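One structure is given here, and the rest of the page talks about it.
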C-alpha cells in the first residue's frame with residue numbers, strides 16, 4: 001500500500017512539474033461569443049499594436065499568423081466594424097492606423113447605424129487623428 005502511495009506521489013509531482021515548465025496552452029474556445037470576448041480582452045489588457053484591423057467575420061477568419069508583429073486583428077465573428085472601433089475608443093489606446101474591412105456597407109440598417117456613429121464620433125476622432 002505504501003509503495004502505491006509513493007508511486008502516486010512521485011508521478012503526481014512529475015506531472016505537475018511538466019505542467020509548470022512545459023506550460024501547455026489551451027486555445028480551444030467553446031463558441032463564437034467566447035472567442036470574441038477573448039480577442040477583445042486580449043487587446044484591452046495585453047496586445048496593443050500600432051496597426052489594427054477591425055471588421056466583420058470575413059476579417060476575423062484571416063490567418064493572423066501571417067500578419068506582421070505590429071498588426072492586431074480586432075475583427076469579430078458575427079460582429080461589425082463598430083464593435084472593434086468602440087473597443088479601441090474605450091481602451092484609450094491611439095493606434096497609428098486602423099484598417100476597416102466592411103462587407104455590408106449597403107445594408108440600410110447597418111448604413112443608418114454607421115451614419116449615426118460617424119456623426120457622433122467624427123469630431124472626437126478628427127481632433128485626435130488630424131491635428
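Taking the options 16, 64, 50, name whichever one is on the phi < 0 side of the Ramachandran plot and at pLDDT below 85.
64 is the lone residue from the list that is on the phi < 0 side of the Ramachandran plot and at pLDDT below 85.
Quickly run through the range 26-46 and pick out the residues that are surrounded by 12 or more Cβ atoms within 10 Å (Cβ to Cβ) and part of a loop (DSSP other than H, G, I, E, B).
29 - this is the single residue of the range 26-46 that is surrounded by 12 or more Cβ atoms within 10 Å (Cβ to Cβ) and part of a loop (DSSP other than H, G, I, E, B).
Could you list all residues from the range 47-65 that are under 17 Å from residue 82 (Cβ atoms), under 11 Å from the mean Cα position of the chain (by Cα) and not in a helix (DSSP H, G or I)? Even if it seems obvious, please write down each step before you answer.
Step one: filter the range 47-65 for residues under 17 Å from residue 82 (Cβ atoms), giving 52-60.
After this cut, where a residue has to be under 11 Å from the mean Cα position of the chain (by Cα) as well, the list is 52-54, 60.
Across the range 47-65, the qualifying residues are 52, 53, 54.
Could you tell me which numbered condition residue 33 fails, if it satisfies all but one of (1) farther than 20 Å from residue 103 by Cβ; (2) within 14 Å of the chain's Cα centre (by Cα); (3) at pLDDT 80 or above?
(3) is the only condition that residue 33 fails.
If I filter the range 3-15 for residues that are free of Cβ contacts under 8 Å to residues at least 24 places away in the same chain, part of a loop (DSSP other than H, G, I, E, B) and over 25 Å from residue 103 (Cβ atoms), do I get at least one hit?
No.
Of these, 100, 104, 119, 115, which one is modelled with pLDDT under 80, surrounded by fewer than 17 Cβ atoms within 10 Å (Cβ to Cβ), more than 11 Å from the chain's Cα centre (by Cα) and under 27 Å from residue 31 (Cα atoms)?
Among 100, 104, 119, 115, only 104 is modelled with pLDDT under 80, surrounded by fewer than 17 Cβ atoms within 10 Å (Cβ to Cβ), more than 11 Å from the chain's Cα centre (by Cα) and under 27 Å from residue 31 (Cα atoms).
Could you run through the range 81-94 and say how many residues are out of contact with any helix residue (DSSP H, G or I) (no Cβ under 7 Å at 6 or more places or on another chain) and surrounded by 17 or more Cβ atoms within 10 Å (Cβ to Cβ)?
5
The values are calculated or read from the model by the stated rules, or taken from the named source; none is laboratory data. Please read these numbers as outputs of a predicted model, since none were measured by experiment. Ideal geometry is used to build each Cβ from the backbone, glycine not excepted, and the neighbour counts take in all protein chains shown.
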